[in-house]
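Below is one structure, written out as structure tokens, with a few remarks after it.
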2 protein chains.
Amino acid sequence: MPSPGKLYIVGIGPGGSEQLTARAREVLEGSDYIIGNDSYITQLAPILAGRTIIRSSMGKEIERAKKSIELARENRVSMVSGGDPGVYGMAGIVLEILDREGADIAWEVVPGVTAAQAAASLLGSPLSGDFVTLSLSDLLTPLEIIEKRLRGAFSMGTPVVLYNPRSRGRPHHFALAMELAGKYRKPDTPIGIVRNAYRDGEEIIVTTLSGIEDVIDKVDMHTTVIVGGEESRIWRNGTDVEGIITPRGYHRKYLY
Amino acid sequence: MPSPGKLYIVGIGPGGSEQLTARAREVLEGSDYIIGNDSYITQLAPILAGRTIIRSSMGKEIERAKKSIELARENRVSMVSGGDPGVYGMAGIVLEILDREGADIAWEVVPGVTAAQAAASLLGSPLSGDFVTLSLSDLLTPLEIIEKRLRGAFSMGTPVVLYNPRSRGRPHHFALAMELAGKYRKPDTPIGIVRNAYRDGEEIIVTTLSGIEDVIDKVDMHTTVIVGGEESRIWRNGTDVEGIITPRGYHRKYLY
């Protein structure tokens, strides 16, 4: 007989409850247990009243995944993941462990707005069509693979979104990414840096590949960086708003 | 003086109101005009009561964008876009025309859950980390650029999400993509095909690169296709659920 519980892996999007989907909210409100990283739980505190909360911390993903599976045998459990659980989130590790344990527990991955999309929306339309999403953290991916992927990504000519772009411990990964970008892109290629999208302390910076050194201190683990593609350009709407547009290709087909 | 109106470009996610963010719903409910493709408007009918609706059809994107800008000079206007407006959606063309016209109109791009994320969530966790998003339609992108991007994408070793994978008019693009995938991936590489994610007629098919021919008729413009990366594998939870997992890399660092 299958377990009476259910395991939800819930994407909460970039910020507080404003960027939550209706389905995510419904699932959170109907759960017996909510498990998640401390900062996500704090953001959602107003809508989690009455649930049993288990706070965890960064770097404890495996422990957290096992705990969620154990509880989901008998209860409705929501594992909270920032952004989308399927993109640098908790879905992978939770389902991997569920599979290894052969646990017959019903599951649902609830998608959410990713950091890439949140950053893009604040810049205007820097992605528009084809793009690549890459993390510069070598915590789980060896540096030589990151380098290979960066080369493949920049060779495509599309925009590239960089997650975990730069930490104090490894500032050289971001320097490497910019160096490789320079082999495939012009110096005036726009770069958007978005910090704390849809959260307190939100900051949006638009620069170019040749200007990145001047704002390098702004690039850290709280930022998402979008490197423009071959056709991306900086865009000024009104006087003080600066953004990035990557034309989709309508200009190749239509007059407007 | 800036215009009194405001232009919202609103991502409604993959399905009906369940996958809508709170912000998207709030914006739609506060708009004077809603403009969008017929099928999206129909999906959202229950929450659009009282708004003035302007239905448009596929292929009329430029006309629709101009209309939204004209109305937004004096009104709150929501341009509705399926999935996320910044990913194969309306944000690019609307902001491009706004820029060309030099119109001083306030704008906001409201992000939403993309087709890639929706498909991924139903398959388990086929993306997990780095990935590429590519459209196989040559309506706005020349075929030689699509081919170059496919080669770059598969060379990275990451999962690749294919939008607009196959239409009656150009079945050879998908055949080309599978042929190129075969140069970089093993025959048992998992492929997920998701049709009508979170909508009526939802269907999920899991196969492999070597098995794709048997289900080729299932691949059309209503599907999103995820080609697994080098580490992706097919996953069976319980007896009848088949999905795809791409390990994030925890196994390289931890025992579990």
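All of the numbers you see were taken from the coordinates with simple rules; none came from a lab. The structure displayed is predicted, hence computed values, not measured ones. Methodologically, a virtual Cβ is constructed for each residue, glycine included, from the backbone with ideal geometry; neighbour enumeration extends over all protein chains shown.
Observations on the model:
- Across the copies of the chain, B:Arg73 has label points (7 Å from Cα along Cα→Cβ) spaced 6.8 nm apart, shortest distance listed first.
- The stretch A:4-106: GluC sites (Glu not before Pro) in DSSP loop, at most 15 other beta carbons within 10 Å: A:Glu74, A:Glu101
- At most 13 other Cβ within 10 Å, DSSP loop - trypsin sites (Lys or Arg not before Pro), the stretch A:199-256: A:Lys253
- Relative contact order [Cα under 8 Å, 6+ residues apart], the stretch B:194-256, whole percent: 24 percent
- Between the alpha-carbon centres of the stretch A:27-85 and the stretch B:181-196 there is a gap of 33 Å.
- 10 Å Cβ neighbours from other chains, averaged over peptide A:52-63: 1
- Between the helical axis of B:61-72 and the longest alpha-carbon principal axis of chain B there is an angle of about 40 degrees.
- In this calculation the C-beta distance from B:Glu202 to A:Glu26 is compared with R0 = 22 Å, giving a FRET efficiency of 0.75.
- Geometric descriptor of the protein assembly as shown, per residue, is 142 Å³ (volume of the convex hull of the Cα atoms).
- Backbone N under 17 Å from the A:Arg170 label point (7 Å along Cα→Cβ), restricted to the stretch A:64-108: A:88-89
- For the stretch B:152-250, the alpha carbon convex hull comes to 113 Å³ per residue, rounded to a whole number.
- Helix axis angle, A:91-100 relative to chain A longest principal axis, alpha carbon, degrees: 40 degrees
- Rounded to whole Hz, the Karplus (6.51, -1.76, 1.60) HN-Hα couplings of the stretch B:207-219, x for glycine and proline: 9, 10, 4, 6, x, 4, 4, 5, 10, 4, 5, 7, 8
- Average beta-carbon neighbours from other chains, 10 Å sphere, peptide A:144-153: 4
- Rg/Rh for chain B, where both radii come from Cα atoms and Rh is the Kirkwood radius: 1.02
- Set of aspartates and glutamates near A:Lys67 by C-alpha distance (under 18 Å), chain-local residues within fewer than 8 positions excluded: A:Asp32, A:Asp38, A:Glu96, A:Asp99, A:Glu101, A:Asp104, A:Glu108
- Across chain A, the relative contact order, built from alpha-carbon pairs under 8 Å that are at least six residues apart, equals 19 percent.
- The label-point distance for A:Arg73 and B:Arg73, in a model that sets each label 7 Å from Cα toward Cβ, rounds to 6.8 nm.
- The stretch B:87-159 versus the stretch B:206-220: alpha-carbon centroid distance in Å: 23 Å
- Cα gyration tensor, the stretch B:17-101 - rounded (a/c under 1.5), prolate or oblate: prolate
- Using alpha-carbon coordinates, inclination of helix B:171-184 to the longest axis of chain B, degrees: 50 degrees
- Number of partner chain Cβ atoms within 10 Å, mean per residue of B:133-140: 5
- Summary for B:Asp99: label point 7 Å along Cα→Cβ; distances to the equivalent points in the other copies, ascending, 4.1 nm.
- The stretch A:77-201, relative contact order [Cα under 8 Å, separation at least 6], %: 22 percent
- Cut-off 15 Å between beta-carbons: net charge of the residues surrounding B:Pro126, Lys and Arg +1, Asp and Glu -1: -4
- Inter-copy label distances at B:Lys253 (7 Å, Cα→Cβ; nm, one decimal): 4.3
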